[in-house]
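In what follows, a structure is listed as structure tokens, so that the remarks can point back to it.
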Ligand SMILES: N[C@@H](CCC(=O)N[C@@H](CS)C(=O)NCC(=O)O)C(=O)O
């Protein structure tokens, strides 16, 4: 397998974490690209993913792009039933929460993080407070749904970690960093779940250390 990936990318983190979780990471030829330096503008990545985006994973003659289906494919291929259950009800739950995180919850979180973390980190100008306020309002709307879902649950689908946690929790480290100004107040279940997730070994070993260092 060949993985095109990047540091400080929640999308890449989730795929790398799944590879660790399944014990597959040692089988991967890793190409860690510096996106800010334009290292993703390369022919071998373009051949595997015409979007020129990471994560992109080449498995035999398959080119896998889009992080969430990549995680499901890897889990199914490994027969990781506990981590990525295949019964119809669980599969619906996994896909529902993955769609939701892309479209709503993590989209709102990304809008905030762009202003508070990414712009300062890469010298892209001052955070726009109006945008932060609008995104925070949107974030609260969906965080309330997640917080209520997590009441009485250790992880997204119940008492053990699944691929759903790596998708919905993809921005956990960033959200827990005070500099992100993620409005987690009033969402105690999300904070506790993020902290539980950060303690899962395969998730912990992909923590974005460089982002944390840069933000200090
Ligand atoms: N929907 C894609 C998002 C991939 C994505 O946007 N990756 C970013 C890094 S986090 C990227 O490659 N950006 C480079 C670009 O857009 O040119 C996924 O889930 O994998």
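Each value in this text was obtained by applying a stated rule to the coordinates, not by laboratory testing. These numbers were taken from a predicted model, which means no experiment stands behind them. Neighbour counts run over all protein chains shown; Cβ positions are idealised from the backbone, glycine included.
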| query | By how many nm would the segment from residue 129 to residue 88 grow when fully extended, if each residue of separation counts as 0.36 nm and the alpha-carbon distance is taken off? | reply | 10.4 nm
| query | Where does each of 78-89, 111-122 land if you order them by average Cβ count within 10 Å, highest first? | reply | 111-122, 78-89
| remark: Row for the stretch 1-119, column shape: gyration tensor on C-alpha, a ≥ b ≥ c, rounded if a/c < 1.5 i.e. under 1.5, prolate if a/b over b/c, else oblate; value oblate
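Rounded if a/c is under 1.5, else prolate if a/b is larger than b/c, else oblate: which is the stretch 126-216, with a ≥ b ≥ c the root eigenvalues of its Cα gyration tensor?
oblate
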| Want the number for residue 1 to residue 149: 0.36 nm per residue separation, take away the alpha-carbon distance, what's left? | 49.7 nm
| Computed [θ] at 222 nm, deg cm²/dmol, the chain (DSSP H ≥ 4; -39,500 (n - 2.57); rounded to nearest 500) | -14000 deg cm²/dmol
| All Cα pairs of the stretch 86-185, percent lying beyond 21 Å | 36
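When a/c is below 1.5 the answer is rounded, else prolate if a/b is larger than b/c, else oblate, so apply that to the chain with a ≥ b ≥ c taken from the square roots of the Cα gyration tensor eigenvalues.
Oblate, because a/c is 1.5 or more while a/b does not exceed b/c.
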| Relative packing of 33-46, 182-195, which averages over residues the other C-beta atoms within 10 Å, highest first | 182-195, 33-46
| task | Would you mind ranking 26, 147, 128, 165 by Cβ crowding within 10 Å, fewest neighbours first? | result | 26, 128, 147, 165
